[in-house]
Structures are given as structure tokens and as C-alpha cells.
Amino acid sequence: MCAYVVLADDDPKQADLIRRYLEREGHSVGVVHDGRAALDEIRRRMPDLVVLDWMMPRVDGLDVCRVLRRESEVPVLMLTARAEEDDLLLALDLGADDYMTKPCSPRELVARVRTLLRRAGHAAAPGAGTVQKAGPAYVVGGLVVDPDRFEVRVEGRLVDCTPGEFRVLEVLASAPGRVFTRKQVLEHLHGIDRYVTTRTVDGHVMNLRRKIERDPTRPERLLTVYGVGYKVADAPSPEASDGGTGPRAR
């Protein structure tokens with residue numbers, strides 16, 4: 001689920017940390033450090049989601065949120081060091097969709113961003129007509145990955161996946177053609193598998209190929225990029241074995 005996110009935070013170190021986590025998730029991030037710049041950037045290019053610090057110079061986050069709600073329905077995640085219930089209610093009343101107090105976990109923030117985007121029905125831009133977001137599901141050729149229903153289908157056939165297998169396929173299908181390293185995939189397995197290593201990822205991929213490929217020894221959908229990681233092919237073809245990026249996947 002790749003998106004364009006505007007991150008407005010007057011703390012450069014915090015902003016850089018959050019940016020790196022969001023980019024690892026596959027999102028494009030525009031970083032600004034005051035409320036006026038946030039409004040300018042949002043009006044220049046409407047984002048899919050805004051991460052908004054409350055206390056910023058020039059225009060504070062509450063005023064930015066108030067203006068945004070007059071102009072759009074873009075999801076807003078508010079960040080603030082203020083933790084009183086009245087502050088939370090005020091932010092929500094002004095139109096924030098979610099609220100996190102500082103210091104916050106970047107991993108939790110990424111998870112909340114993922115949830116907000118899903119609720120908003122965010123669709124990744126189709127690549128050459130081969131991928132589309134149909135409701136909450138990722139559709140790549142004949143492969144359908146539906147996070148809300150926890151379902152995988154191949155050419156209409158329901159595929160039974162374990163939670164770990166599903167999470168691996170979900171992250172890869174969210175950005176067809178993009179190569180994910182094993183480490184990046186591992187980040188999506190925490191909380192699903194108790195003990196996770198890069199070999200865990202390899203095992204899930206091997207099992208998925210048995211379930212979604214016509215010939216698991218010559219994969220067309222779930223490809224290995226030698227020395228880097230894995231990807232879901234954005235245009236599966238009978239001739240594909242590893243996307244032309246390395247030796248035949250095993």
C-alpha cells in the first residue's frame with residue numbers, strides 16, 4: 001500500500017526518523033517543518049495522508065487540521081507531547097483521524113498509517129494496467145491479496161495461507177515490481193512469527209510458491225532478485241522464471 005505522505009514536524013531528527021520508517025514501508029514522503037509549509041505542500045500536491053505535529057511555528061498543527069478539513073478529507077495523524085484527554089478530544093473534534101503522543105514508536109506510527117490508508121480505501125497507482133486496488137484488496141494480474149478478509153486467490157482459486165505467509169505476500173503485492181530485501185520483509189513478520197530470521201522469509205516464499213505458482217521451480221509471480229530479495233512480478237508471464245534478474249529461483 002504505497003502512498004504519498006506529508007510529514008510536518010519541527011523536530012528535524014524526529015522527522016528524519018519517521019521519514020525513514022515510512023519510506024521503508026514503500027511510501028513517498030514530503031517533509032516540512034512548519035504549519036505554513038505544510039499547507040503549501042498539501043495544496044501543491046494533495047497527499048494520501050498527513051502526519052501532523054501539534055506544536056509547530058508559524059501555523060500550529062491544530063490550525064492546519066482545521067484548514068484541511070475545510071478543503072479535503074485527507075486522513076490526518078496528529079503527533080503531540082500533550083497527553084491530556086481534553087487535548088485528544090480537541091484534536092479529534094477538529095478533524096484528526098488518529099492521535100499519538102510523543103515520544104512515539106516509529107513502528108507503531110507506520111502501523112497506524114497503514115490502518116488509516118486502508119480505511120480511506122487508498123489505491124496505489126496502477127503500473128502499466130497490471131495492478132489495481134479493488135476495495136481493500138491488491139490485484140496483480142490473476143493474484144488477489146485481500147488484507148481485510150485475510151484471503152489470497154489465484155485465478156479465482158482460494159489459497160490457504162498461514163499468517164506469516166500471508167504477511168509476506170501482502171507486503172510484496174502492495175508494490176508490484178518493487179524489490180524488498182529480506183530484512184524489509186522481516187519487519188512485517190514481527191508479532192506473527194515468534195522466532196523470525198531471514199531463513200523464515202525464505203521458507204515462507206518457498207511455501208507460497210507451492211501454493212500460487214503453476215510450477216514452483218519456475219516461478220512467474222513470486223520472484224527472486226539474486227543477492228537482494230524478493231518481489232511480486234507486476235506483469236506475470238509464462239516465460240518468467242526470475243524476472244530476468246538472476247539465476248532461476250529455487
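Quick notes on this one:
- Selection status of ALA81, closer than 23 Å to GLU108 by Cα and of a type outside the set (Val, Ile, Thr): yes
- Screening VAL50, VAL29 for residues that are closer than 18 Å to TYR99 by Cα and not acidic (Asp, Glu) leaves exactly one candidate, VAL50.
- Criterion (modelled with pLDDT of 90 or more, within 27 Å of THR115 (Cα to Cα) and in contact with a Lys or Arg (Cβ under 9 Å, 6 or more places away or on another chain)) met by exactly one of VAL201, VAL225, VAL179, VAL185: VAL179
- Looking only at region 207-228, and only at residues there that are part of a helix (DSSP H, G or I) and aliphatic (A, V, I, L, M), the one that is nearest to ARG153 (Cα to Cα): ILE212
- Of the residues making up region 1-30, those that are free of Cβ contacts under 8 Å to residues at least 60 places away in the same chain and under 18 Å from THR80 (Cβ atoms) number 8.
- Pairs, first over 22 Å from ASP48 (Cβ atoms) in region 86-113, second modelled with pLDDT under 75, C-beta under 7 Å, six or more apart: THR101/ALA83
The values are calculated or read from the model by the stated rules, or taken from the named source; none is laboratory data. What you see is a predicted model, and the numbers here were worked out from it, not measured in a lab. No Cβ is skipped: glycine too gets one built from the backbone with ideal geometry, and neighbour counts run over all protein chains shown.
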